[in-house]
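Here the structure comes first, spelled out in structure tokens, and everything after it is commentary.
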Amino acid sequence: MRRISAVAALAAAGLVLTACGGGSDDGDNADAGGDNSASKVEVFTWWAAGSELTGLQALEAVFAEQHPDTEFINGAVAGGAGSAAKDLLQTRLQAGDPPDTFQAHAGMELQDYIDAGQLEDVSGLYDEFGLNEVFPQDLLDLLTVDGKIYSVPSNIHRSNVVWANPEVLEAAGVDPAAVPEDIDAWIADLQKVADSGATALSVAAPWTQVNLLETVLMADLGAEGYNGLWNGSTDWASAEVTGALEHFETLIGFTNTDRDGLDWPDATQKVIDGVAGYNVMGDWAVALFEENDIERGTGFVDFPVPGSDEQFGFLADSFTLPVGAKHAEGAKAWLETIGSLEGQVAFNKAKGSIPARTDADPSEFSEYQQTAIESYANDTIVPSLAHGAAAPVAVLNGVTDAVSKFTAGGSDLATFQSELGAAVNG
């Protein structure tokens, strides 16, 4: 019954959507007067290599089993860590030629698409697929904009993770098994590593510095205070924020001077190579250690950024239903696979992230993933700024500019704090 009602609803929706689209016509869509918009689906992503490609292939296999009559068209665009895909997507959306579904970060990164009227409300699919019962309420709240949800997440990543080299720490007199209680205690350990001659903390290009900043704000302000930065209840000019920015300034003083010319794998590699003691990065970094056959616990250790251990810095890839999608029924079928238990298990086992669903069996995942699943279930989920969950793209761009200027020595702390407030509040 569920499928029958969905087909009827989307056949009608397809007529509306394609009437709005005005894009290219391959003669195989609802515009042609048929009801065959489930015949295919173009899935637009930047998953063109590595574990991301492997994950997409795993999803494609599940999709073929669940929807054998719908052709999967891989619309992946390689390059620029997603920037090439986003640029092409903008061109297509502005031309009225959207893909049937496209990848985006869940949360406020979607705000611009929503404001432009480019996304369909998929709240009804949550009811139809039973996702309201298997996604945690914190996640549902983060996905909801004015009472509506515009995407289905395929996975969950954690942003506030420290990765460390035990040998480097031991050589500096730091116990790798002892997790610092807060940022001040961590700074004391960082100083020991710096005194040993190693780079204490490795970072890379400005977006990774924003990733570091958000974790310090989580640690010092707590979940409520951190969330208040984005909903207006925490004053960016407050003394508490000043204290967190002072911590950030101290942490930047421990980092590698070649940071702005590096991407995140380069910074994490410094820990793998024993050049640096610590690195802060999202939990996709675990794949680098695993690719180098480095074992967790002996070859590397990981823990939440000190002081943020009860928070789960959330980001997620998700898929949308664009207004004007030619194969809206195919897109709906893809979203059903994305949200299904089978799809989420297959994808996340391959990509190294964890399911958004809470009913997956943790024993099917790696040791690190099991700890992430436990934290996701028990910690307070807070949105990542650096990865589009906390604020719209324009805000993130403004914060990134302020961070880049500050870490390059172009502003003092008071100016930095003022510019962050202006970037968020306008």
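Which residues, counting only those in segment 319-344, are touching an Asp or Glu at 6+ places or on another chain (Cβ under 6 Å) and in a helix (DSSP H, G or I)?
Within segment 319-344, Gly330, Ala331 qualify.
Residues in segment 81-96: is at least one under 26 Å from Pro383 (Cβ atoms), among the charged types (D, E, K, R) and open to solvent by 20 Å² or more (accessible area, probe 1.4 Å)? It would help to see each step written out before you state the result.
Step one: filter segment 81-96 for residues under 26 Å from Pro383 (Cβ atoms), giving 81-87, 89-90, 93.
Okay, now just the ones that are also among the charged types (D, E, K, R), so 86-87.
Then keep just the ones that are open to solvent by 20 Å² or more (accessible area, probe 1.4 Å); that gives 86-87.
Looking through segment 81-96, at least one residue is under 26 Å from Pro383 (Cβ atoms), among the charged types (D, E, K, R) and open to solvent by 20 Å² or more (accessible area, probe 1.4 Å).
Gly34 is checked against (1) modelled with pLDDT of 90 or more; (2) over 20 Å from the mean Cα position of the chain (by Cα); (3) not hydroxyl-bearing (Ser, Thr, Tyr) and fails just one. What number does that condition carry?
(1)
Given Glu224, Glu240, Glu170, which one is within 19 Å of Ser418 (Cα to Cα) and either assigned to a helix (DSSP H, G or I) or in contact with an Asp or Glu (Cβ under 7 Å, 6 or more places away or on another chain) (or both)? Lay out the reasoning, then the answer.
Working: Glu224 fails: within 19 Å of Ser418 (Cα to Cα); Glu170 fails: within 19 Å of Ser418 (Cα to Cα).
Going through Glu224, Glu240, Glu170 in turn, just one is within 19 Å of Ser418 (Cα to Cα) and either assigned to a helix (DSSP H, G or I) or in contact with an Asp or Glu (Cβ under 7 Å, 6 or more places away or on another chain) (or both): Glu240.
Report the residue count in segment 349-371 for those that are of a type in the set (D, E, K, R), in a loop (DSSP other than H, G, I, E, B) and in contact with a helix residue (DSSP H, G or I) (Cβ under 7 Å, 6 or more places away or on another chain). So that I can check it myself, show each step before the final result.
First, pick out the residues of segment 349-371 that are of a type in the set (D, E, K, R): 349, 351, 357, 359, 361, 364, 367.
Add one more test, that the residue is in a loop (DSSP other than H, G, I, E, B), and what stays is 357, 359, 361.
Adding the requirement that they be in contact with a helix residue (DSSP H, G or I) (Cβ under 7 Å, 6 or more places away or on another chain) leaves 357, 359.
So the answer is 2.
Among the residues of segment 377-415, which ones are in a helix (DSSP H, G or I) and either buried (at least 21 other Cβ atoms within 10 Å of the Cβ) or on the phi > 0 side of the Ramachandran plot (or both)? Quick ask: steps written out before the conclusion?
Going through segment 377-415, the residues in a helix (DSSP H, G or I) turn out to be 377-378, 393-407, 413-415.
Of everything in segment 377-415, those that are in a helix (DSSP H, G or I) and either buried (at least 21 other Cβ atoms within 10 Å of the Cβ) or on the phi > 0 side of the Ramachandran plot (or both) turn out to be Leu396, Val399, Ala402, Val403, Phe406, Thr407.
Is it true that Trp284 is in contact with a strand residue (DSSP E or B) (Cβ under 8 Å, 6 or more places away or on another chain), among the aromatic types (Phe, Trp, Tyr) and open to solvent by 10 Å² or more (accessible area, probe 1.4 Å)? Give the steps one after another, and end with the answer.
Details: in contact with a strand residue (DSSP E or B) (Cβ under 8 Å, 6 or more places away or on another chain): yes; among the aromatic types (Phe, Trp, Tyr): yes; open to solvent by 10 Å² or more (accessible area, probe 1.4 Å): yes.
When the stated conditions are applied, Trp284 passes them.
On the basis of being at pLDDT 95 or above, surrounded by fewer than 16 Cβ atoms within 10 Å (Cβ to Cβ), in contact with a helix residue (DSSP H, G or I) (Cβ under 6 Å, 6 or more places away or on another chain) and over 26 Å from Gly82 (Cα atoms), does Gly274 make the cut? So that I can check it myself, show each step before the final result.
Working: at pLDDT 95 or above: yes; surrounded by fewer than 16 Cβ atoms within 10 Å (Cβ to Cβ): yes; in contact with a helix residue (DSSP H, G or I) (Cβ under 6 Å, 6 or more places away or on another chain): yes; over 26 Å from Gly82 (Cα atoms): yes.
Criteria met by Gly274.
For segment 102-123, name all the residues that are surrounded by 16 or more Cβ atoms within 10 Å (Cβ to Cβ), at pLDDT 95 or above and out of contact with any Phe, Trp or Tyr (no Cβ under 8 Å at 6 or more places or on another chain).
Selection gives Gln118, Ser123.
Working only within segment 180-190, note down all residues that are in a helix (DSSP H, G or I) and open to solvent by less than 80 Å² (accessible area, probe 1.4 Å).
Ile183, Ala185, Trp186, Ile187, Ala188, Asp189, Leu190
Anything in segment 220-240 that is over 18 Å from Thr415 (Cβ atoms) and open to solvent by 20 Å² or more (accessible area, probe 1.4 Å)? List them, or say none.
Asp220, Leu221, Gly222, Ala223, Glu224, Asn227, Trp230, Asn231, Gly232, Ser233, Thr234, Glu240
Output the number of residues of segment 53-68 satisfying the condition of being farther than 9 Å from Phe347 by Cβ and buried (at least 22 other Cβ atoms within 10 Å of the Cβ).
1
The values are calculated or read from the model by the stated rules, or taken from the named source; none is laboratory data. Here the structure is a predicted model, which is why all the values come from computation and not from measurement. All Cβ positions, even for glycine, are placed from backbone atoms using ideal geometry, and neighbour counts span all protein chains on display. Note: areas computed on protein heavy atoms with side chains; ligands, DNA, RNA excluded. Shrake-Rupley method; radii C 1.70, N 1.55, O 1.52, S 1.80 Å.
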